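What follows is a single structure, written as structure tokens, with notes after it.
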Amino acid sequence: MTTGYQIKEQDQLYFVTFQVVNWVDIFTRKIYRDIVIENLTYCQKNKALEIYGFVIMSNHIHLLLKSGTNQLSKTIQEFKSYSSKQILKQIETGPESRTEWMLNIFKQAAYKHQRNTNYQFWTHENHAEHIYSNKFIEQKLNYIHQNPVRAGIVANENDYLYSSAVNYNGGKGVLDVELLMLRWKTY
């Protein structure tokens, strides 16, 4: 299904959301969040993916990114394909109390789309929004960093490990990001 949120400018900055099918809360487990971090790091080093902000929530990921090779859609597709394979492998082989339940959901989702084989982990949409101004950058970064606060996971954005908030506040996060120069930040 085609949506209005498409990546048309492959060399531009975008805010994207990757959603797990049926909003399965898989990223409540550290092992799956770490797989995402490893795959994003790989894309940074080997696919020239520039990440300016991110947050991994329980069932979706928000990213502020662009491609250094002007192939953002291709890089996203490769990331989603490879990360889903790794996560599904971990579900099947690792200690996971919800294995049967999750695999059943991912299998049912695959039946709904011709381009899937056995399982579908991510939805096909990326909800990509082209970033066109400094104000929009600040709005999206704030949205990303405040997501765990709004969800009641932490009281302070800097306390959430799987977010770029700590990077923007002078710390070292679990994923290196390209810091954008913001005009000001007030608390």
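The values are calculated or read from the model by the stated rules, or taken from the named source; none is laboratory data. It should be emphasised that the depicted structure is a prediction, and the values quoted were computed from it without experimental measurement. Every residue, glycine as well, gets a Cβ built from its backbone with ideal geometry; the counts of neighbours run over all protein chains shown.
A few remarks follow.
- Helices (runs of 4 or more DSSP H) lying entirely in the stretch 28-114 (those with 1 or more residues that are of a type in the set (F, W, Y), over 12 Å from the mean Cα position of the chain (by Cα) and farther than 26 Å from N147 by Cβ): 99-111
- Considering the stretch 137-184, and only residues there that are touching a helix residue (DSSP H, G or I) at 6+ places or on another chain (Cβ under 8 Å) and among the basic types (K, R), the residue that is modelled with the highest pLDDT turns out to be K172.
- Subset of the stretch 144-170 [of a type in the set (A, V, I, L, M), touching a Ser or Thr at 6+ places or on another chain (Cβ under 9 Å) and not in a loop (DSSP other than H, G, I, E, B)]: I144
- Number of the condition not met by D11 [criteria: (1) within 16 Å of the chain's Cα centre (by Cα); (2) farther than 25 Å from P95 by Cα]: (1)
- When residues of the stretch 27-61 are limited to those that are out of contact with any strand residue (DSSP E or B) (no Cβ under 8 Å at 6 or more places or on another chain), within 21 Å of N158 (Cα to Cα) and of a type in the set (S, T, N, Q), the one surrounded by the fewest Cβ atoms within 10 Å (Cβ to Cβ): T28
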